[in-house]
Every structure is written in C-alpha cells, then in structure tokens.
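Trainee: Can you read through this structure? Questions will come right after.
The values are calculated or read from the model by the stated rules, or taken from the named source; none is laboratory data. None of the values given here were measured: they were computed from a predicted structure. Backbone-built Cβ (ideal geometry, glycine too); neighbour counts: all protein chains shown. Side chains are part of the model used for accessible areas, which takes the heavy atoms of the whole protein and leaves out ligands, DNA and RNA. Shrake-Rupley method; radii C 1.70, N 1.55, O 1.52, S 1.80 Å.
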2 protein chains.
Amino acid sequence: MSTDDTTDASSTDAESKCGASSTDAGSDDSTSKCGASTDSSSSSSGCGGSDSTTDEKVGATVDDFDAAPGRLVAVGLGPGQPEGMTQRARGALLEAEHIVGYTTYVDLLPEEVTESAEELYDTPMCGEVSRTEEAIDRALAGNDVAIIGSGDPNVYALAGLALEILESKGGTASAVDFEVVPGVPAAQSCGARLGAPLVNDTVSVSLSDHLTPMETIESRLHAVAGEGFTIAIYNPWSRKRRENFQRCCEILLEHREPDTPVGIVHGAGREDEAVEIVELGDLEDLGETDLIDMTTTILVGNEDTYVWDDRMVTPRGYESKYDY
Amino acid sequence: MSTDDTTDASSTDAESKCGASSTDAGSDDSTSKCGASTDSSSSSSGCGGSDSTTDEKVGATVDDFDAAPGRLVAVGLGPGQPEGMTQRARGALLEAEHIVGYTTYVDLLPEEVTESAEELYDTPMCGEVSRTEEAIDRALAGNDVAIIGSGDPNVYALAGLALEILESKGGTASAVDFEVVPGVPAAQSCGARLGAPLVNDTVSVSLSDHLTPMETIESRLHAVAGEGFTIAIYNPWSRKRRENFQRCCEILLEHREPDTPVGIVHGAGREDEAVEIVELGDLEDLGETDLIDMTTTILVGNEDTYVWDDRMVTPRGYESKYDY
C-alpha cells in the first residue's frame with residue numbers, strides 16, 4: 001500500500017473533475033456552506049473553487065471567500081481498514097462536516113463516519129492536487145473539512161501539498177486551524193506483517209521520478225545501501241517506469257549480497273493482500289509479476305537481517321550486549 | 001517521545017526485578033496460568049521464567065514449560081495517549097490476558113483495558129530485555145500476552161528483541177502465534193505536530209551508541225545528510241553521551257546550511273509536550289536545555305524545507321509540475 005495514489009497523476013488526469021462525486025451524506029444539508037468559487041451560486045454538487053477547466057491550476061484565492069474560514073484537518077487512515085485507524089483519526093472524521101479523499105479510501109470509511117458527514121467528495125483517478133485544492137476551498141468557504149489518505153499525511157502524502165496550496169492562495173495555516181492527524185505509515189504496517197524487519201536505522205525511498213529526478217533517487221539509494229540502513233521502498237513499480245525498479249535492484253546488489261532478505265507486501269490490509277519474503281537477487285524478476293505494483297511496499301534488509309520461522313528479523317545488536 | 005525507553009538500560013538495571021509490579025487486574029485470577037520458571041510453584045506475583053538473579057540473562061527455555069503455548073502480541077501504542085492508539089491495538093489489548101510493559105505506558109492505558117486484563121506486569125526502569133523475556137515466558141506458559149510500547153514495535157523497539165529471545169529459548173514465532181500490531185511512530189507523531197516536515201524521502205537515525213558503534217552512526221549521518229533526506233533523530237541526548245549529539249550537529253552542519261529548519265518535539269502528546277522550530281546552527285546549544293532529552297525527537301529539514309506560519313514544510317516538488 002502506498003500513501004500516494006496518484007504519483008503519476010499528470011498523465012491520467014485528463015479532466016478537472018474526472019468522475020468526482022460529491023455526495024450529500026447528511027440528513028440535512030441546509031447548514032452546508034458550499035465551497036469557494038468566484039461564482040457565488042455554486043451548487044452543492046461539484047462545489048468548490050476550482051472553476052478553471054485547466055487541470056491542476058489553482059483557481060480561487062482567499063479573496064474569493066466571504067465567509068470566515070472553517071477548519072482543515074489532514075487525516076492519516078493507516079493501512080486503510082477502519083481498525084487500522086487511530087481513535088483520534090476516527091474522532092476527527094466524526095467531527096468533520098466535509099470529507100475529501102480518493103474514492104478507494106472514502107469507500108473504506110466506517111458507516112458511522114460517512115453517515116455523520118454532511119458531504120463526501122471523492123475522486124477516483126483525479127490528481128491529488130485538484131482534490132487537495134477542493135478540500136482547501138471548502139475550508140476557506142467556512143466548512144470544517146477533513147482530507148483523508150492512507151498511511152500517514154507526512155509520508156509521500158498530502159500534508160505538505162495542503163500547506164503549499166494554502167500558501168499559494170494567500171491563506172494561512174492558522175486561519176483554517178490546519179491540523180495533521182498522524183497514521184501508521186505503510187512501512188510500519190508492512191513491517192508488522194513481516195515480523196521485525198525495521199527495528200534499526202531505516203530509510204524510506206520512493207522510486208517515483210514524477211517529482212524527484214531519477215539521478216537523485218539513484219544517488220540516495222547508493223548512499224543508504226552502503227551504510228547498513230534497512231530500506232523501505234515506496235511506489236516501486238509502474239508500467240511507465242519499470243526501468244527505475246531495475247536500476248534500484250542493480251544498485252542494491254552493488255552494495256548487498258544476493259541472499260539479503262527482502263520483504264514484499266502487496267495491498268497491506270486489503271482483500272488482495274500478498275506477503276512474500278524473497279532474496280535480493282530474485283527481486284528484479286518479480287517486478288513483472290502481480291506481486292509488485294503501486295500498492296506494494298518493499299522492505300530491504302541490511303547485512304544482519306535474517307529469516308526465521310517465516311519472519312524477517314533485523315537484530316538491534318542486543319545479542320552482543322546480553323546473554324540470551 | 002522515543003519508542004525506546006531503556007536504551008541505556010545496562011547501567012541503570014541494577015537488579016533483575018527492579019521495582020517490577022505484577023498486578024492482578026482481573027476480578028478472578030483462578031484462570032491465570034502463571035508464567036514459566038523452572039520451579040513449578042511460581043506464585044502469581046513475580047511469575048515468569050527469569051529466576052536468575054543475573055540481570056539480562058535468559059532463564060527458561062521451551063523445555064521448561066509443560067502447557068500448550070499461549071499467544072504473544074507486540075502492540076504499538078503510538079504517541080502514548082489512548083486516542084493515539086489504533087482500534088486494532090485497542091482490540092488486541094482487550095483480548096490479552098496479561099499485559100507487559102514499561103510503567104509509564106501501562107499507566108497511560110485506558111481503564112477498560114486495564115480492567116479487562118487478568119494481570120498487568122510493569123517495570124519502571126528495568127531493561128527491555130528482562131521485560132520482554134517475562135512476556136515471552138508468560139506466553140510459553142500458556143497465557144495470551146500483549147507486550148506494549150509507545151510508537152511502533154518496529155521502530156527501535158521490541159518486535160525484533162521478542163523474536164530474538166524467543167529463538168534463543170528454542171521457541172518459534174508460529175508456536176506462540178506471534179503478531180505485531182503497528183502503531184504511529186514518533187517521527188510521524190512529531191511530524192504531524194510540526195506541519196509537513198517529512199513528506200519526501202526520510203531516514204531515521206538513533207544517536208544511542210549503546211547497541212550501534214558511534215563510528216557507524218557518524219558514517220550514516222554523513223551519508224544521508226549529503227543526499228537531501230529529511231532526518232528523524234531518535235534518542236538524541238543523554239548525560240552520558242552528550243558528545244554524540246555534538247558530533248551529530250557538527251556532521252549535519254558539514255552538509256547543510258546553518259539556517260536549515262529543525263523541528264524539535266519533546267514529550268509528544270504528553271503533559272510536558274514542547275514544540276519548537278529552530279535553525280540547525282542553533283541546535284547544538286539546545287542539547288543542554290530541558291527541551292532535548294530521551295523523550296525528544298528531532299526532525300532535520302533538507303535544503304528545500306522552509307518555515308511558514310509556524311509550520312515546517314518540506315515541499316515534494318509539486319510546484320515544479322503544477323501551476324498553483
């Protein structure tokens with residue numbers, strides 16, 4: 001599972017409102033203060049300030065909103081299922097008037113949450129930029145808004161984007177009482193599934209070169225693979241950049257033995273979850289299988305990592321200090 | 001907040017049972033299958049296999065237990081307060097017969113959890129090794145045991161230690177149905193408090209040289225500071241190793257500008273929580289203040305990180321792709 005559903009969003013977002021659905025989830029929408037828009041007659045469906053048809057171009061600024069701002073909370077859901085959510089996340093969603101998110105995650109919300117919200121706004125394949133802007137516009141228009149994502153809002157996710165867009169609109173974080181509710185990141189969800197692969201110094205690297213040049217990614221992989229970090233690889237594979245995955249495997253093999261344990265978790269906590277522990281030398285060939293896609297997180301062991309009883313274990317060094 | 005309460009445990013653990021308290025929390029303890037021990041007459045107080053008075057030396061092995069093994073679940077509590085716990089963690093604790101942990105975290109458990117447990121075993125300053133062994137012995141003796149810690153069991157915490165000790169006792173993870181319930185790590189709890197400091201490639205490094213040589217820590221800091229990772233520093237300071245913190249600050253300044261934003265969160269989610277955003281050049285002097293101790297996590301920005309409206313923001317690079 002990745003927290004980043006739309007890393008390659010630029011090529012898939014043909015339209016500004018590609019399939020977005022705004023559901024009136026509350027029993028009484030008369031108190032719903034519909035979003036932004038320079039046109040004050042915005043309806044409850046498709047409300048929000050992004051009246052431009054140019055995708056990923058921010059429309060409204062704070063000056064377009066008359067109302068006192070509401071609130072904006074970025075909520076991390078963890079692995080995705082309700083039981084992986086913290087009680088604080090649940091509370092934030094129950095308090096929110098509007099909930100904005102990727103359709104997959106909105107669909108996973110518990111009924112008590114979707115029933116208590118006045119509006120749900122979800123987009124299936126839309127870019128996170130337009131969805132985040134929608135959430136911000138709704139907050140600037142006076143609504144209490146939660147924007148959701150799997151994992152943690154700080155791990156390749158929307159906390160930063162929300163602040164960046166808010167700033168570009170002339171808003172401030174304090175004006176909308178911006179808050180981040182953390183969640184369990186994919187690396188830890190997958191680590192738990194595998195045993196104890198990540199108990200020492202660990203790094204997370206995304207293989208998506210959509211926002212980071214591949215040379216930078218390669219340089220980072222070299223630096224950490226040579227230093228004994230365990231490595232959590234996010235966004236490992238997509239059809240458009242299979243060569244990034246190949247390069248990653250090559251670089252890791254320059255620094256680590258082919259029998260280094262590698263844990264692969266596909267769709268953690270979902271119906272199609274699949275977990276395998278393989279050797280680094282066999283990793284590259286798996287890139288072409290269903291096991292590795294954008295919902296997969298890969299955990300690469302260090303020189304001390306071993307496999308025991310179907311678990312992946314990275315010792316911390318206790319055995320050198322204690323007699324057991 | 002660190003997930004590692006006893007990194008320097010070796011020097012503080014003078015006794016094997018230093019203040020451990022085993023509380024009969026249930027209303028009826030007749031079903032409590034008291035732990036291990038080579039002596040089958042173990043009482044409910046101080047039960048468990050560690051009958052050796054030599055601290056940190058594992059006692060009982062699987063052969064010392066007649067009962068069918070129970071269960072062992074390592075549960076991450078997140079920041080520590082009940083609202084930071086996932087619903088899955090809450091469920092695992094409600095199901096456990098015995099709960100084992102550091103006193104500070106046991107004290108933070110919600111009443112419904114402590115009331116439903118048959119026994120609570122907590123140690124104030126004891127080493128995590130003896131506490132973890134106690135949990136394992138109780139599981140091997142047939143009890144359903146949860147061992148708890150703040151943050152995530154995979155982040156400088158007890159998931160790996162539990163598997164290592166279990167193996168040393170001749171047990172297997174599958175025999176005790178070993179499971180890890182992930183939690184929100186300190187880096188993400190603190191990141192949320194600061195805004196969006198960690199939305200790109202990130203590394204976590206512990207400055208404790210109790211289990212990792214300082215040369216290794218220094219080499220890792222050099223490698224990642226030169227590569228634009230944001231850096232979460234765990235266990236930043238203790239009186240016995242203030243020079244590690246000084247070295248860390250010096251190394252970071254070799255690679256990053258003195259005005260690089262650094263977020264400091266002390267005691268995240270606790271009563272004595274303190275949050276500050278400072279500049280890297282000022283970090284070293286803060287090592288001698290109350291702001292930085294073993295309950296502090298420090299998040300070091302990369303070259304793109306900036307401070308805006310009291311938030312720390314590391315952009316992901318959207319601004320280079322999108323017009324907003």
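Trainee: Residues with beta-carbon under 10 Å from that of residue B:224, excluding residue B:224: net charge, scoring Lys, Arg +1 and Asp, Glu -1?
Mentor: Residues near residue B:224 contribute -2 overall.
Trainee: If Lys and Arg each add +1 and Asp and Glu each add -1, what is the summed charge of the other residues whose beta carbon sits under 10 Å from the beta carbon of residue A:212?
Mentor: -1
Trainee: At what distance in nm do the modelled label points of residue B:168 and residue A:62 sit from each other, each positioned 7 Å from its Cα along Cα→Cβ?
Mentor: 5.8 nm
Trainee: Just the Kirkwood number for the stretch B:191-248, please: inverse of mean 1/r across all distinct Cα pairs, in Å, one decimal.
Mentor: 12.2 Å
Trainee: Can you give me the long-range amide H partners of residue B:147? Hydrogens built in the peptide plane at 1.01 Å from N, cutoff under 5 Å, separation of 5 or more residues or another chain.
Mentor: It is B:73, B:74, B:75, B:100, by chain and number.
Trainee: Let me ask another. Say R0 is 35 Å: what FRET efficiency, to the nearest 0.05, do residue B:289 and residue B:216 get from their beta-carbon distance?
Mentor: Efficiency computed from Cβ-Cβ geometry: 0.80.
Trainee: For the stretch A:219-324, state which GluC sites (Glu not before Pro) are in a DSSP loop and have at most 13 other beta carbons lying within 10 Å of their beta carbon.
Mentor: A:271, A:288, A:303
Trainee: Still on this structure, I have one more. Probe radius 1.4 Å, ligands and nucleic acids left out: can you give me the accessible area buried at the B-A interface, summed over both chains, in Å² to the nearest hundred?
Mentor: Chains B and A together bury approximately 7200 Å².
Trainee: How would A:299, B:108, B:253 line up by accessible area, probe 1.4 Å, largest first?
Mentor: Result, largest first: B:253, B:108, A:299.
Trainee: Rounded, prolate or oblate for the stretch A:187-324? Axes are the square roots of the Cα gyration tensor eigenvalues, ordered a ≥ b ≥ c, and the cut-off for rounded is a/c under 1.5.
Mentor: It comes out oblate by the Cα gyration axes.
Trainee: Distances in nm, one decimal, shortest first, from residue B:288 to the same residue in every other copy, taking the label point 7 angstrom along Cα→Cβ.
Mentor: 6.3
Trainee: Another question, then. Find how many whole Å separate the alpha carbon centroid of the stretch B:80-123 from the alpha carbon centroid of the stretch A:246-324.
Mentor: 31 Å
Trainee: While we're here: Just to make sure I understand: if all protein chains stay in place, what is the order of A:179, A:97 by accessible area at 1.4 Å, largest first?
Mentor: The ordering from most to least exposed comes out as A:179, A:97.
Trainee: Additional query: Quick one: grab the alpha carbon gyration tensor of the stretch A:74-214, order the square roots of its eigenvalues as a ≥ b ≥ c, and give me rounded if a/c is under 1.5, else prolate or oblate depending on whether a/b is larger than b/c.
Mentor: Values: a/c = 1.88, a/b = 1.28, b/c = 1.46.
Cα axes put the stretch A:74-214 in the oblate bin.
Trainee: Once both labels are modelled 7 Å past Cα along the beta-carbon direction, what's the residue A:104-residue B:250 spacing in nm?
Mentor: Label at residue A:104, label at residue B:250, 4.7 nm between them.
Trainee: Using the heavy atoms of the protein chains and a 1.4 angstrom probe, tell me the accessible area per residue for the stretch B:173-291 in square angstrom. Provide the component values of the computation, followed by the final result.
Mentor: Values: 4090 Å² over 119 residues.
Per-residue accessible area for the stretch B:173-291 comes out at 34 Å².
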